Amino acid sequence: MAMRLLSHGENKFARFVTWVSFLGLSLGVMILTVVVTVMNGFDHALKERLLSSIPHVTVQQAELEEVRRAVTDGVSQVRAVHPYFSGLGALSAQGEVHPVTSYAVDKMGRQSLSHISRSMRHGQLENLFDQPTGMIVGAPLARYLGLVVGQPVILLSVQQVGEAVLPKLLKFELVGTFELGAELDYSLVLLNLQRFDDAQWQGFGERGIQVQLDQPLLAPIVEAQLAGALPHARVGSWGTTYGELFQAVQLEKSMMFVLLILVVAIAAFNIIAGQTMVVSDKRSNIAILRTMGATHKLILRIFLFQGVFISLLGTCVGLVLGLLCAGYINEILDVLQMFTGRHLLDGSFFVRVPVLVQVGDLMVIGGLSAGLCLLSAWMPARRAAQLNPVEALHI
């Protein structure tokens, strides 16, 4: 009876404001859901492409057997332990010069290059180990330099001899190309560790032992374990080279989340305006209910229920629409491309927008949205419960 009395003769403008609040909340939650799932997708894709192709943990100033014993004693989920070389240089071909990072392994390190093996465009990864002078580069870099498989390539490097640093021209033969869809396509050069002995490699760059993990994100933990087991060695991880990149991606995701949750907050607090107008419009009806014996708590529950219902419904609708848009984001971008002639991913390493739905993020979005809306609904409901029936009946 109380609900029927309060819903009778509801002001049309107040109803309009309520619907606008509902739509704003739904759209805000939808946009927030789409952005978060897409950012998760890009973050996951970057980690998968980069971390599957670079050293996870590196150890210098230690012997191979030493590192293997330390790994066997206290480190789990290790995929491979093998020697490696990493150094800076420049690739020269067809009159063009391009800076690159040289990375060399022997046959023991093939497991560390499994992702590159699956991403080969020309030739096979095994071709790298068939001859000491073999080289594999990114397919985009090969196209830029005009290289084809079987062609000789010059790698410009520097060699430290005593206190002097001398330029060195190293001759190789291109035996294959890969394409990861990441920055490494333009900057990574794979070499055969058998090309030089340990002393020569040491003069060209960094020579050490690589520990490749099944879960690259555990690298900081493994780094700490190996540093404790090998106090005389110098231990590092991928975080030293690419940690700032992933921190920047995470910071961007956090900033986008904060900005969009403010949009949701604006839509949520619009509920205050709508519900306040409803309370003002129903002052006489509230007074009648109070004279009939309705308690403060009953009036509070009635208006709180209405506000919470609108809020939860808007949040749920926004989450569902957000998941639908995220699932069809590539189709939506294809339609936009038909009208604009340009694709959102033009000029990037990605062909399709990666999407990753994480239940934890959805729970945070739903929880924050529902919490803001509950606060917005409680304030007008409290005002209605505190209304003086005598003053309301004499207005």
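Please verify whether TYR84 is out of contact with any Gly (no Cβ under 8 Å at 6 or more places or on another chain), assigned to a strand (DSSP E or B), under 24 Å from LEU213 (Cβ atoms) and of a type in the set (Ser, Thr, Tyr), treating the condition exactly as stated. So TYR84 does not fit the description; no. VAL320 meets each of the listed conditions (1) among the β-branched types (Val, Ile, Thr); (2) at pLDDT 90 or above; (3) farther than 15 Å from GLY28 by Cα apart from (3).
Considering region 79-100, and only residues there that are out of contact with any strand residue (DSSP E or B) (no Cβ under 7 Å at 6 or more places or on another chain) and touching a residue at least 24 places away in the same chain (Cβ under 8 Å), the residue that is nearest to GLU206 (Cα to Cα) turns out to be GLU96.
Of all the listed residues (GLY95, GLY41), the sole one being assigned by TED's automatic domain parsing to the domain that holds CYS316 and either over 30 Å from HIS232 (Cβ atoms) or of a type in the set (S, T, N, Q) (or both) is GLY41.
If the condition is being polar (S, T, N, Q) and in a helix (DSSP H, G or I), then region 32-74 contributes THR33, THR37, ASN40, THR72.
Okay, residues lined up against (1) surrounded by fewer than 17 Cβ atoms within 10 Å (Cβ to Cβ); (2) modelled with pLDDT of 80 or more; (3) aromatic (Phe, Trp, Tyr); (4) in a helix (DSSP H, G or I):
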residue	(1), (2), (3), (4)
GLN212	no, yes, no, no
PRO220	yes, yes, no, yes
GLN225	no, yes, no, yes
THR240	yes, no, no, yes
PHE246	no, no, yes, yes
ASN270	no, no, no, yes
GLY274	no, no, no, yes
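For residues in region 338-378 being assigned to a helix (DSSP H, G or I) and among the polar types (S, T, N, Q), which is farthest from PHE42 (Cα to Cα)? Looking at the filtered set, the residue picked out is SER376.
The values are calculated or read from the model by the stated rules, or taken from the named source; none is laboratory data. Not measured: the values here are computed from a predicted model. Ideal geometry is used to build each Cβ from the backbone, glycine not excepted, and the neighbour counts take in all protein chains shown.
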